[in-house]
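Undergrad: I have a structure here, written as structure tokens, and I will follow up with some questions on it.
The values are calculated or read from the model by the stated rules, or taken from the named source; none is laboratory data. It should be emphasised that the depicted structure is a prediction, and the values quoted were computed from it without experimental measurement. Virtual Cβ from ideal backbone geometry, glycine too; neighbours counted across all protein chains shown.
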Amino acid sequence: MATIAPGSIDLVIADPPYNETKLKWDKEVKGWLKALLPLMAPHASLWCFGSLRFFMNHKDEFSPDWSIMQEVVWEKQNGAGPPDKGRFNRVHELIVQFRPTAVPPNQIRAHSPMTFDAVARKITARKGPGHRGEYASTGYETQDGGARRARSVQRFKSMHHAAVHPTQKPGELVRMLIESYSNPGDLVLDPFGGSGTTGVSALMAGRRAILIEKLPHFVALCEQRIEEATLQPELIFG
Ligand SMILES: C[S@@+](CC[C@H](N)C(=O)[O-])C[C@H]1O[C@@H](n2cnc3c(N)ncnc32)[C@H](O)[C@@H]1O
């Protein structure tokens with residue numbers, strides 16, 4: 001991080017180790033939130049994946065330097081791991097947006113997150129005047145030609161069998177965050193690159209990206225996926 005120019009990062013996507021599994025690399029990382037602060041452009045925010053337990057355990061590292069803007073719930077199609085007696089089947093993760101506390105919220109770069117797969121609204125109208133004045137369905141219609149402001153609960157299939165990394169995030173989800181909170185050409189930083197999802201998503205969205213990853217075999221994965229995306233984008237998101 002020390003080699004990144006101060007003030008040069010327009011958006012951060014972070015998916016840090018939660019320190020909640022037996023995976024070798026899933027270990028506490030300290031100091032990254034402090035190190036990020038000087039790198040942030042005046043309009044930059046940070047989207048961080050995590051469980052509520054993760055955010056509670058790291059409360060003192062986020063606060064007071066970072067303030068919460070909003071959170072999104074990522075709903076997966078199925079839970080991870082074996083059933084755990086006495087617990088709900090966990091099918092979600094949180095993604096929380098933070099701003100540096102010194103930056104006022106209205107200075108943060110943001111475009112309305114939109115979705116185009118809105119559920120059609122059934123339009124019911126009086127058909128008539130019928131002799132009993134009954135109502136009848138006149139079909140289905142979506143508002144705004146199908147585009148709606150995206151909901152804070154977002155459903156994306158988890159990667160599971162398609163994954164090349166044990167905690168790989170869906171590219172389309174990351175791309176939605178990138179497109180909604182940065183501009184074309186902006187520089188996105190991911191301090192925990194994993195399999196390179198942020199790099200691929202940034203590429204798809206016409207942004208630049210810097211990825212940092214500790215383990216050499218994951219670095220190789222990042223390079224491979226980014227190269228594949230450059231050559232054949234349709235292979236990456238299916
Ligand atoms: C939750 S995974 C990220 C997965 C990624 N979002 C994806 O979609 O592939 C976290 C990653 O952080 C890496 N990591 C762990 N400690 C690190 C450190 N100190 N610096 C950089 N990367 C680290 C791990 O090797 C792991 O690949």
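Undergrad: Just name the residue that is surrounded by the fewest Cβ atoms within 10 Å (Cβ to Cβ) out of those in region 177-235 that are among the β-branched types (Val, Ile, Thr) and either over 20 Å from residue 6 (Cα atoms) or without any contact (Cβ under 8 Å) to a residue 12 or more places away in the chain (or both). Write out each step before concluding.
TA: Within region 177-235, the subset among the β-branched types (Val, Ile, Thr) is 178, 188, 197-198, 200, 210, 212, 219, 226, 230.
Add one more test, that the residue is either over 20 Å from residue 6 (Cα atoms) or without any contact (Cβ under 8 Å) to a residue 12 or more places away in the chain (or both), and what stays is 178, 197-198, 200, 219, 226, 230.
Numbers: 178: 24, 197: 28, 198: 33, 200: 25, 219: 15, 226: 19, 230: 11.
Within region 177-235, the match that is surrounded by the fewest Cβ atoms within 10 Å (Cβ to Cβ) is 230.
Undergrad: Which of the following residues is closer than 19 Å to residue 153 by Cβ, at pLDDT 95 or above, of a type outside the set (Phe, Trp, Tyr) and surrounded by 12 or more Cβ atoms within 10 Å (Cβ to Cβ): 12, 73? It would help to see each step written out before you state the result.
TA: Numbers: 12 fails: closer than 19 Å to residue 153 by Cβ.
Matching residue, one of 12, 73: 73.
Undergrad: Let me ask something additional. Consider residue 195 carefully, then state whether it is within 17 Å of residue 45 (Cβ to Cβ) and in contact with a Lys or Arg (Cβ under 7 Å, 6 or more places away or on another chain).
TA: no
Undergrad: Still on this structure: Name every residue in region 179-196 that is within 13 Å of the ligand (Cβ to nearest atom) and within 22 Å of residue 70 (Cα to Cα), in order of residue number.
TA: Residues of region 179-196 that are within 13 Å of the ligand (Cβ to nearest atom), as a first pass: 188-196.
If the condition is that a residue be within 13 Å of the ligand (Cβ to nearest atom) and within 22 Å of residue 70 (Cα to Cα), then 188, 189, 190, 191, 192 are the ones that fit.
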